[in-house]
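The values are calculated or read from the model by the stated rules, or taken from the named source; none is laboratory data. Note that the structure is predicted; figures quoted are calculated from it, not measured. Here the Cβ is made from the backbone with ideal geometry for all residues, glycine too, and neighbour counts use every protein chain on show.
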Amino acid sequence: MAKETIVAVLSGDLVKSKGLEEKRQGVMDHLRQAVEGARTHLAKKNCRLLFSGFYRGDAFQCALSDPRFSLWTAIFLRTELIKLRGKLVSADIRFGLGLGPVSVWDENNISASDGEAFRLSGKALDELKSGKEKYRRLRILSPWPEQDRVLSVLAALIDALIQGWTSAQAEAVSLYVRENGQDEISKELGISQPAVQIRLERAGHFAVKETLDIFSGMVEEHIIRPSIYNP
């Protein structure tokens, strides 16, 4: 199969946001800050992250010029919200991740962009909101039928792992996926290195890394590098 210029789109919304009540705005502000943190990290990888802002209440989209980092982005943003569970806020994100080419790429206005990646992302999110998928918070759709089954399994397994994280575990994983070593995480969190190791092991950090590596490799087989959407 010929390679195409592929991008990734994450369509997301807050899970059970009505239950957040007066804390909802604070959660959305925290998510905005998390998106900026992801954007800064990905810029070092030569990947552009576009953010739509919120619409229809708590819905939003992120588009990434390099799709290899799209699952990383979904995981990182979820760690940042799950961290808030330590503040008596039960917050998480439901994500539909779409991979594919785009027909219109507008860096100044995501809503003006269009293409298969955007349509698959919206379809994936819609499927999470209905029927047997309601308990899941991550679904991946691609234009590659031979890969979709594996991507679906990866999404289901990593989602099941994430949903079991405590705020302390998410806090450690958030730093881990940004390539901080255990000594650095220890200093950042003000806890001992053995305590960091315990948090990461209980969070299944090795499985997170393996999943990200497999996902990135699968996407790599289908993309042109460098993407025309990279600076």
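Does region 123-132 hold any residues that are surrounded by fewer than 16 Cβ atoms within 10 Å (Cβ to Cβ) and touching a strand residue (DSSP E or B) at 6+ places or on another chain (Cβ under 9 Å), and which are they?
123, 126, 129
Please give the number of the condition residue 121 fails out of (1) under 19 Å from the mean Cα position of the chain (by Cα); (2) without any contact (Cβ under 8 Å) to a residue 60 or more places away in the chain.
(2)
Go over the candidates 146, 179, 201, 188 one by one and state the one that is of a type in the set (D, E, K, R), surrounded by fewer than 15 Cβ atoms within 10 Å (Cβ to Cβ) and not in a helix (DSSP H, G or I).
179 is the lone residue from the list that is of a type in the set (D, E, K, R), surrounded by fewer than 15 Cβ atoms within 10 Å (Cβ to Cβ) and not in a helix (DSSP H, G or I).
Taking residue 77, is it touching a Ser or Thr at 6+ places or on another chain (Cβ under 9 Å), closer than 20 Å to residue 170 by Cα and in contact (Cβ under 8 Å) with a residue 12 or more places away in the chain? If you could, list the steps in order and put the result at the bottom.
Working: touching a Ser or Thr at 6+ places or on another chain (Cβ under 9 Å): no; closer than 20 Å to residue 170 by Cα: yes; in contact (Cβ under 8 Å) with a residue 12 or more places away in the chain: yes.
In short, no.
So residue 90 passes all but one of these: (1) more than 16 Å from residue 48 (Cα to Cα); (2) modelled with pLDDT of 95 or more. Which condition number does it fail?
(2)
What residue, among those in region 18-62 that are under 21 Å from residue 174 (Cβ atoms) and of a type in the set (Gly, Ala, Ser), is modelled with the lowest pLDDT?
By that ranking, first place goes to 26.
Can you name every residue in region 1-48 that is charged (D, E, K, R), assigned to a helix (DSSP H, G or I), in contact (Cβ under 8 Å) with a residue 24 or more places away in the chain and more than 14 Å from residue 93 (Cα to Cα)? Walk me through how you get there before you give the answer.
Residues of region 1-48 charged (D, E, K, R): 3-4, 13, 16, 18, 21-24, 29, 32, 36, 39, 44-45, 48.
From the residues that got through so far, the ones that are assigned to a helix (DSSP H, G or I) too are 18, 21-24, 29, 32, 36, 39.
With the extra rule that they be in contact (Cβ under 8 Å) with a residue 24 or more places away in the chain, the set shrinks to 23-24.
Answer for region 1-48, where residues must be charged (D, E, K, R), assigned to a helix (DSSP H, G or I), in contact (Cβ under 8 Å) with a residue 24 or more places away in the chain and more than 14 Å from residue 93 (Cα to Cα): just 23.
Failed condition for residue 135, given (1) touching a residue at least 12 places away in the same chain (Cβ under 8 Å); (2) part of a loop (DSSP other than H, G, I, E, B), with all others met?
(1)
If we scan region 82-105, do we find a residue that is closer than 24 Å to residue 199 by Cβ, in contact with a Phe, Trp or Tyr (Cβ under 8 Å, 6 or more places away or on another chain) and in a helix (DSSP H, G or I)?
Step one: of region 82-105, the residues closer than 24 Å to residue 199 by Cβ are 82-93, 95.
Going one step further and asking which of them are in contact with a Phe, Trp or Tyr (Cβ under 8 Å, 6 or more places away or on another chain), we end up with 82.
From what's left, in a helix (DSSP H, G or I): 82.
For region 82-105, residues closer than 24 Å to residue 199 by Cβ, in contact with a Phe, Trp or Tyr (Cβ under 8 Å, 6 or more places away or on another chain) and in a helix (DSSP H, G or I): present.
Filter region 30-75 for residues that are basic (Lys, Arg) and farther than 22 Å from residue 208 by Cα and give the result. Can you show your working first?
Of the residues in region 30-75, the ones basic (Lys, Arg) are 32, 39, 44-45, 48, 56, 68.
Passing the criteria: 32, 48, 56.
Pairs, please: C-beta under 7 Å, at least 6 apart or cross-chain, first residue in a helix (DSSP H, G or I) and in region 58-71, second of a type outside the set (A, V, I, L, M, F, W, C)?
68/216; 68/220; 69/45
In region 96-143, what count of residues is obtained for those that are closer than 11 Å to residue 6 by Cα and not hydroxyl-bearing (Ser, Thr, Tyr)? Steps first, answer last, please.
Residues of region 96-143 that are closer than 11 Å to residue 6 by Cα, as a first pass: 98-103, 115-117, 142-143.
Imposing the further condition that a residue be not hydroxyl-bearing (Ser, Thr, Tyr) reduces the set to 98-102, 115-117, 143.
Final tally of qualifying residues: 9.
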